[in-house]
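Engineer: Below is the structure I would like to discuss, written out as structure tokens.
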Amino acid sequence: MKKYLVYLSAIAAVSYCGPKIDYADVRSRAKSTFGTIPAKMPGGEKDTAELVALGKMLYHERRLSINDTQSCASCHILDGKKGGVDNTKFSPGAKGALGGRNAPTTLNAGFHFAQFWDGRAATLSDQAKGPILNPVEMGMPNEKAVIEKLSKITEYKEAFAKAFPGAKNPITYQNLADAIAAFERTLVTHDRFDDFINGNDKALSSQEIAGLQSFMSQGCTTCHIGPLLGGNSYRKMGQAKPYESKDQGRFDLTKKEEDRMMFKVPSLRNVALTDPYFHDGSAATLTDAVAKMAYHQLGKQLGEKDVANIVAFLKALTDKERQ
């Protein structure tokens, strides 16, 4: 009787193990579609320790705002294993007014082909200049006012001199932006998905593998490709089924009809940490976001199992230091 029960247990275990996974095949397809996150961001090889240290100070500096209340880190939080966002639909600025778009993450941002949802900044340095002077965000009146404010602070006189040795006037708005960019170039994350692509069969669970397979087979890779699973193209929001939004994306910037409802495809690395989702923050959960993207972008109604598996896979894209 005992042997019979052991036999039944073995049969039950086999019946619940699911189909055998061809790791080599899944890995090959994933590697060709995505690849892995590079070790360093473009330009990072030239950054000095002094420049990065200054950038970190400035990233967290509330005195860069009109009333000393707001820093880059106010909306793009890194402490406490945060995902480089504040997890609000729209972020409040120095005077309490809300911005018009959901704050994107600063994690891995330097790998993106452009910055902001509409791509209006080409580089991290260009991006860093914007929020400080934005009247709704940090509210400083002009570049001169920013530099005059920093020039009165002893710690910044010393830090800029170290970061830009030999410069006659090291405290400039461009140098400020370059320093913040240097710090942000250190925000490279490492996750289990890269471990899987690099050869570790045990890095992902069977459900996460199933989610990866669904992600590739259902058409999510139409937009979310490359090492960041996004961040490298513009796509129309609602390309299969219309998406209602007052925000018209790049059209509001370029006034070109072909840019109407075009937004930069967000990276899905660390996406489990960056709720709520979309440019308007309208998807509260990852499950909601996956289902809505399938409908609006692919014209599909995914089943609950497919959605759950894809969500499981997306959670495997979380930086291992932030889990």
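Engineer: Using only the alpha-carbon atoms, what does region 44-184 span along each of its principal axes? Please give whole angstrom values in decreasing order.
Structural biologist: 43, 33, 30
Engineer: Given q = 0.16 Å⁻¹, what are the Debye log10 I(q)/I(0) values for region 119-228, with equal point scatterers placed on the Cα positions and solvent ignored?
Structural biologist: Calculated log10 I(q)/I(0) at the listed q: -0.82.
Engineer: Please compare each pair in K144/K246; K89/K129; K95/K236 to a cut-off of 30 Å on the Cα-Cα distance and tell me which ones are over it.
Structural biologist: K144/K246; K95/K236
Engineer: Please report the net charge: other residues with Cβ closer than 10 Å to the Cβ of H279, K and R +1, D and E -1. Provide the component values of the computation, followed by the final result.
Structural biologist: On the way: positive: R101, K264; negative: D118, D247, D280.
Overall, the nearby charge balance is -1.
Engineer: Still on this structure, please answer the following. Which length gain, in nm to one decimal place, applies between Y23 and K46 when the Cα-Cα distance is subtracted from 0.36 nm times their residue separation?
Structural biologist: 4.5 nm
Engineer: Using the crude model of +1 on Lys and Arg Cβ and -1 on Asp and Glu Cβ, and no other charge, please compute the dipole size for region 44-184 relative to its Cα centre, in debye to 20.
Structural biologist: For region 44-184, the charge dipole is close to 260 debye.
Engineer: What distance in nm separates the simple spin-label points at K81 and D247, each placed 7 Å from Cα in the Cβ direction?
Structural biologist: Using points 7 Å along Cα→Cβ, the separation is 2.8 nm.
Engineer: Same structure again: Can you pick out the pairs among K292/K320; K31/K81; K40/K264; K46/K202 whose Cα atoms lie more than 32 Å from each other? Intermediate values should be presented prior to the final figure.
Structural biologist: Numbers: K292/K320 27 Å; K31/K81 27 Å; K40/K264 22 Å; K46/K202 36 Å.
From K292/K320; K31/K81; K40/K264; K46/K202, over 32 Å: K46/K202.
Engineer: Can you compute the helix-only [θ] at 222 nm over the chain? Use -39500 (n - 2.57) per DSSP H run of at least 4 residues, normalise by all residues, nearest 500 deg cm²/dmol.
Structural biologist: Working: 13 runs with 128 residues, N = 323.
Result for the chain, helices only: -11500 deg cm²/dmol.
Engineer: Dimensions of region 207-262 along principal axes (Cα, Å, largest first)?
Structural biologist: Per principal axis, max minus min of the Cα coordinates gives 43, 24, 14 Å.
Engineer: Something else about it: Which one, G99, V85, L58, is farthest towards the positive end of the dipole of region 44-184 when Lys and Arg carry +1 and Asp and Glu -1 on their Cβ?
Structural biologist: G99
Engineer: Residue farthest toward the positive end of the dipole of region 152-295, with Cβ of Lys/Arg at +1 and Asp/Glu at -1: which of S217, T172, G281?
Structural biologist: Value: T172.
Engineer: Work out the length of the dipole vector of the chain about its Cα centre, built from +1 on the beta-carbon of each Lys and Arg and -1 on the beta-carbon of each Asp and Glu, and round it to the nearest 20 debye.
Structural biologist: The calculated dipole for the chain is roughly 320 debye.
Engineer: Continuing with the same structure: Please give the peptides 301-307, 52-58, 176-182 ranked by average Cβ packing (other Cβ atoms within 10 Å per residue), highest first, as a rough proxy for protection.
Structural biologist: 176-182, 52-58, 301-307
Engineer: If you don't mind, another one. Tally Lys and Arg at +1 and Asp and Glu at -1 over the other residues with C-beta under 13 Å from the C-beta of G230: what net charge comes out?
Structural biologist: In short, +3.
Engineer: Go through S125, V290, T69 and say which Cα lies farthest out towards the positive end of the charge dipole of the chain; charges sit on Cβ, +1 for Lys and Arg, -1 for Asp and Glu.
Structural biologist: Final value for the positive-end residue is V290.
Engineer: Give me the net charge for the shell around E158: Cβ to Cβ below 14 angstrom, other residues only, Lys and Arg +1, Asp and Glu -1. Don't jump to the answer; show the numbers that get you there.
Structural biologist: Details: positive: K152, K157, K162; negative: E50, E155.
Summing Lys and Arg as +1 and Asp and Glu as -1 gives +1.
Engineer: Once each part is reduced to its C-alpha centroid, what is the distance from region 31-86 to region 197-223 in angstrom?
Structural biologist: 29 Å
Engineer: Right, here's the next one. Nearest 10 degrees is fine. How inclined is helix 154-163 to the longest principal axis of the chain, computing both from alpha carbons?
Structural biologist: 70 degrees
Engineer: Related question: Suppose we keep just the alpha-carbon trace of the chain; what are its Rg and Dmax in angstrom?
Structural biologist: Rg then Dmax for the chain, in Å: 22.6, 89.
Engineer: So, one more: Return I21, I132, I37 ranked ascending by Cβ neighbour count within 10 Å, so the fewest neighbours appear first.
Structural biologist: I21, I37, I132
Engineer: Starting from the 7 Å offset along Cα-to-Cβ, what nm value, one decimal, do you get for the label separation of E321 and A121?
Structural biologist: That separation, rounded to one decimal, is 2.2 nm.
Engineer: List the aspartates and glutamates whose Cα lies under 19 Å from the Cα of K149, skipping any in the same chain that are fewer than 8 positions away.
Structural biologist: List returned: E61, D68, E137, E158, D178.
Engineer: Please enumerate, by chain and number, the aspartates and glutamates with C-alpha under 14 Å from the C-alpha of K82, excluding those fewer than 8 residues away in the same chain.
Structural biologist: K82 reaches D275, D319, E321.
Bear in mind these aren't lab numbers, they're just calculated from the coordinates by the rules spelled out. Predicted, not measured: the structure shown is a model, and the values here were computed from it. When we count neighbours, we look across all protein chains shown, and the Cβ atoms used for this are built from the backbone with ideal geometry, even at glycine.
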